[in-house]
Amino acid sequence: MEYQQILEEIHEEVKPFIERGKVADYIPKLAAVPKNKFGMAVQTLDGKLFTIGDAHEHFSIQSISKAYTLTLALQFAGEEALWKRVGREPSGNPFNSLVQLEYENGIPRNPFINAGALVLVDVILSHSKDAGQTILNFVRERSDNPDINFDMEVAASEKSTGFRNAALANFLKSYGNLHNNVEDVLDTYFLQCSLHMNCIDLARSFLVLANHGLSPWSGKQIVTKSQAKRINSLMLTCGTYDAVGDFAYRVGLPGKSGIGGGIAAFIPGRLCVTVWSPGLNSNGNSLAGTLALELFTTKTGMSIF
Ligand code: GLU
């Protein structure tokens, strides 16, 4: 497959859309990211890397990090205990919605909405002395890149305006669904969202989920084959906000997006494809990024279906 040529075609075709979305501005530091960025990377399981545009530039991966913390929380708590505290259904609501949490008695609908992700952090805090470092080590191992770091300025910036997440965390606490201190949960959550990575790091880190849980870098089984199946299913059904049906229809791949404009998606048994373009559509997914992934599966004729 001529991946490089396909990436070049995609880049040309998405150009008119790159400036159309809206950059997330409720985190002051992210409001300043230029909208004209576009990068894409394809990392194949047989070791080939293809890139285009700003694929080497680092950005804030935000909610994409929830796919990492889900993996850690599953490993720490085990499936049975975790699924008592978080659901597994698409929410059909914005990622930071408060209403659903009230009428569902403090059990977040899925691990990828903010309330669910706060519970994941709580699990990690309960099982680890330094939850931030545990998350960082895990991401570094998965990408095989020891230089990945948090962006402390983005974390502090989000903390300064993170009133909704604070409300969600307090709400969860009132239902007994946070076991640790609210402040500690929020600080760790803001830290994980600030992970500063590029399209290549992302593609390398998600390749493990395209490889039945086996790291192509270290040869280590990061998650079991069965857990990889489950995490991938959750990414397909809950990974792209309340546009998840539209994303599945258009792209046909499991994926996880973040309001930094990144999306990581993969084709089990073959490759991982990632994209970054900060302009978002009204659901919070990268506008040009979603289009680029749709073009990728259309042009290659490859999807999970
Ligand atoms: N840190 C962001 C928030 O909690 C993450 C949102 C996202 O990427 O979906 O609002």
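Take the residues of the stretch 210-236 that are hydrophobic (A, V, I, L, M, F, W, C) and out of contact with any strand residue (DSSP E or B) (no Cβ under 6 Å at 6 or more places or on another chain): which is farthest from the ligand (Cβ to nearest atom)?
Per the stated criteria, the residue is W217.
Got a number for residues in the stretch 211-255 being buried (at least 16 other Cβ atoms within 10 Å of the Cβ) and on the phi > 0 side of the Ramachandran plot?
The qualifying residues number 4.
Can you report the number of residues in the stretch 132-156 which are outside any loop (DSSP other than H, G, I, E, B), within 16 Å of the ligand (Cβ to nearest atom) and not β-branched (V, I, T)?
Qualifying residue count for the region: 6.
If you scan the stretch 77-106, which residues turn out to be surrounded by fewer than 23 Cβ atoms within 10 Å (Cβ to Cβ) and in contact with a Leu (Cβ under 8 Å, 6 or more places away or on another chain)?
The answer is L82, R88, N96, L98, G106.
Would you point out the residue of the stretch 148-206, among those that are out of contact with any helix residue (DSSP H, G or I) (no Cβ under 9 Å at 6 or more places or on another chain) and polar (S, T, N, Q), that is farthest from K29 (Cα to Cα)?
This residue is S174.
What number of residues within the stretch 157-189 are of a type outside the set (D, E, K, R), free of Cβ contacts under 8 Å to residues at least 60 places away in the same chain and in a helix (DSSP H, G or I)?
Matching residues across the stretch 157-189 total 5.
Based on this model, can you work out whether E8 counts as of a type outside the set (S, T, N, Q), part of a loop (DSSP other than H, G, I, E, B), farther than 22 Å from L209 by Cα and more than 16 Å from the ligand (Cβ to nearest atom)?
no
Given (1) over 17 Å from the mean Cα position of the chain (by Cα); (2) within 21 Å of I64 (Cα to Cα), where does N96 come up short, assuming only one miss?
Just one mismatch for N96, condition (1).
Would you check if there is a residue in the stretch 37-53 being modelled with pLDDT of 95 or more and assigned to a helix (DSSP H, G or I)?
No, the conditions are met nowhere in the stretch 37-53.
The values are calculated or read from the model by the stated rules, or taken from the named source; none is laboratory data. Model, not experiment: these values are computed from the prediction. Cβ atoms come from the backbone with ideal geometry, glycine included; neighbour counts cover every protein chain shown.
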